[in-house]
Amino acid sequence: MSRGADKERFFELLESEFFPRLLREGFVRQGRTFRRICTPLIHIVEFQHGSGGQWCYVEMGAHLAFLPRQGGGEYSPETIVESGCVFRERIVGDGAVTGGGWAYGASEPETFASAKALFSAWESAGRQFFAAHQNFPVDYEAMLDSADFEQVRAAELLVFARIAASLKRQEQASALARQGLERAAPAASSLRAHLRRFIETDGCG
């Protein structure tokens, strides 16, 4: 098969087997982006072509509607994409190429094997990712209780602080924000300003 033909065949297999599975699980399709919204939860599955033109990546995102979009700016649950989600992960697994891409294949057997491997990875890694973001507030209370915040970056601490505040855990929210401010690099002026504003105005001061 030509490069264009193997890519077309790969997505034909996804159209016949994988995409209907996502729709049955409550995702709504917009091109090759799939969203599932159960306020405040937002789930994203997005298919992105690799720069080499020989594979695609399957990116997953989870977001909470009360959180700012990753990177800032306005958004709506119906239009947010994976890169705007605060929790993100790429589906990888046996059969994925370097970097977690899923090869289109150079022959019918290769294309079929790659698509089947992706289906299998969804059943494990994909479902596992969304299982951690399935119920609000229960899953996020568990997340706050089990996270090792000593290994968390300053920007992520701000996210956790905002989640803690939404769960009325003001003492934990304050501690996380202050820890984030201590950890933020001096050059990260915008992040430091957000952390200070949170501490001063969100009931954590």
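The values are calculated or read from the model by the stated rules, or taken from the named source; none is laboratory data. Since the structure is predicted, the reported quantities are computational estimates derived from the model, not experimental observations. Neighbour counts run over all protein chains shown; Cβ positions are idealised from the backbone, glycine included. SASA here: full protein model, heavy atoms, side chains in, ligands and nucleic acids out. Shrake-Rupley method; radii C 1.70, N 1.55, O 1.52, S 1.80 Å.
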Residues of region 122-170 that turn out to be closer than 28 Å to F47 by Cα, at pLDDT 95 or above and of a type in the set (D, E, K, R), as a count: 3
Checking E78 against (1) part of a strand (DSSP E or B); (2) open to solvent by 40 Å² or more (accessible area, probe 1.4 Å), the condition it does not meet: (1)
Extreme residue, most open to solvent (accessible area, probe 1.4 Å), among residues of region 1-56 that are under 30 Å from P137 (Cβ atoms) and assigned to a loop (DSSP other than H, G, I, E, B): T39
Those helices (runs of 4 or more DSSP H) lying entirely in region 119-205 with at least 1 residues of a type outside the set (D, E), more than 30 Å from F18 (Cα to Cα) and open to solvent by less than 80 Å² (accessible area, probe 1.4 Å): 138-146, 154-166, 170-183, 189-201
Unmet criterion (only one of (1) without any contact (Cβ under 8 Å) to a residue 40 or more places away in the chain; (2) farther than 21 Å from G61 by Cβ) for D139: (2)
Residue that is farthest from V97 (Cα to Cα) [pool: residues in region 57-75 that are part of a strand (DSSP E or B) and either open to solvent by 60 Å² or more (accessible area, probe 1.4 Å) or touching a Pro at 6+ places or on another chain (Cβ under 9 Å) (or both)]: L64
Residue selected from region 1-55 under the condition of a type in the set (K, R) and closer than 17 Å to F119 by Cα, by the criterion nearest to the chain's Cα centre (by Cα): R32
Selected residue [aromatic (F, W, Y) and within 19 Å of the chain's Cα centre (by Cα)] from F160, F149, F112: F160
